[in-house]
1. Quick one: order His104, His158, His93, His168 from most to least accessible surface, probe 1.4 Å.
2. State the number of lysine pairs found in region 29-147 whose Cα atoms come within less than 30 Å, restricting to pairs 8 or more positions apart or on distinct chains.
3. For region 61-73, in order, what is each residue's ³J(HN,Hα) by Karplus, 6.51 cos²θ - 1.76 cosθ + 1.60 with θ = phi - 60°, in whole Hz (x at glycine and Pro)?
4. How many angstrom lie between the C-alpha centres of region 36-72 and region 89-143?
5. Where in region 55-83 is the amide nitrogen less than 12 Å from a point lying 7 Å along the Cα-to-Cβ axis of Asp133?
6. Test of understanding: extend the Cα→C-beta vector of Arg84 to 7 Å, then name every residue of region 165-188 with backbone N under 20 Å from that spot.
7. If you rank Asp160, Asp130, Asp83, Asp74 by how much accessible surface each has, with a 1.4 Å probe, what is the order from largest down?
8. Want the number for Lys184 to Lys48: 0.36 nm per residue separation, take away the alpha-carbon distance, what's left?
Amino acid sequence: MLDKDFYYNDLTEIKSNNNIQLIVENDPYKEIDEICAKLNRIKYAMLKESSLAEMCCIVESSEERPIIGTQALDTCFGILFYDRKNKKGMVGHGSPSSKVVTLHEMISKVDDGTEKVIEYMIIPGFRNVDRRDTIGVEELLSELRIYCSSNIKFVPFHNDIDLSVKLHKPTLTYEFAFDTRNGKFVSEYVFFDETEVNPRYIPKAHHGLGK
């Protein structure tokens with residue numbers, strides 16, 4: 001718990017014309033501010049290259065927008081398809097009632113008659129995980145298992161979901177972003193929140209200075 005002495009560390013008072021001005025001699029936040037600014041530049045650059053699926057929608061990667069993902073996963077499901085050989089991907093955001101329809105639409109888009117291996121990941125919303133409700137995930141996995149195609153092979157991602165998604169703490173929902181250029185999750189960069197890095201953005205109440 002930080003007190004007022006922390007806030008006034010390295011400050012010098014200058015009195016002029018009955019006003020008091022506080023001058024920062026050695027800003028303890030300088031280094032962390034620079035890190036924060038760098039992360040923000042990365043975030044905004046990546047957002048320009050991103051397509052994020054809204055509820056009941058599907059987005060596909062492109063040359064201009066190779067990063068795909070979605071956010072606000074509460075009771076919904078995020079579905080990721082990735083063709084590693086051709087470096088193409090697709091993300092669907094299925095609601096509890098439309099998740100199977102979303103999955104079937106994604107399968108129809110990816111099945112263009114050519115032979116390919118599609119890696120997939122089903123990402124349940126935060127509330128599903130919190131309630132340990134696996135019914136929705138099992139239903140989607142069952143649909144993938146019964147899908148028969150001579151040219152498409154579906155294989156699961158080996159990534160740990162906990163390391164792939166990011167929790168949006170204010171709303172308690174999951175979000176994720178995936179870069180099809182290198183086959184890696186970039187959730188922490190695209191959805192970077194400066195309040196998690198820089199204490200100067202945290203409300204004063206958290207520093208023990210009142211509400």
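1. His158, His104, His168, His93
2. Final tally of qualifying lysine pairs is 28.
3. Result, rounded to whole Hz: 6, 9, 5, 6, 10, x, 9, 10, x, 7, 8, 6, 7.
4. So the separation of the two Cα centres works out to 19 Å.
5. 74-77
6. 165, 177-187, by backbone N distance to the label point.
7. Accessible-area ranking of Asp160, Asp130, Asp83, Asp74, largest first: Asp130, Asp160, Asp74, Asp83.
8. 47.2 nm
The values are calculated or read from the model by the stated rules, or taken from the named source; none is laboratory data. Keep in mind it's a predicted model, so treat the numbers as computed, not measured. Using ideal geometry, Cβ is built from the backbone for each residue, glycine included, and neighbour counts are taken over all protein chains shown. Heavy atoms of the whole protein, side chains included, go into the accessibility calculation; ligands, DNA and RNA do not. Shrake-Rupley method; radii C 1.70, N 1.55, O 1.52, S 1.80 Å.
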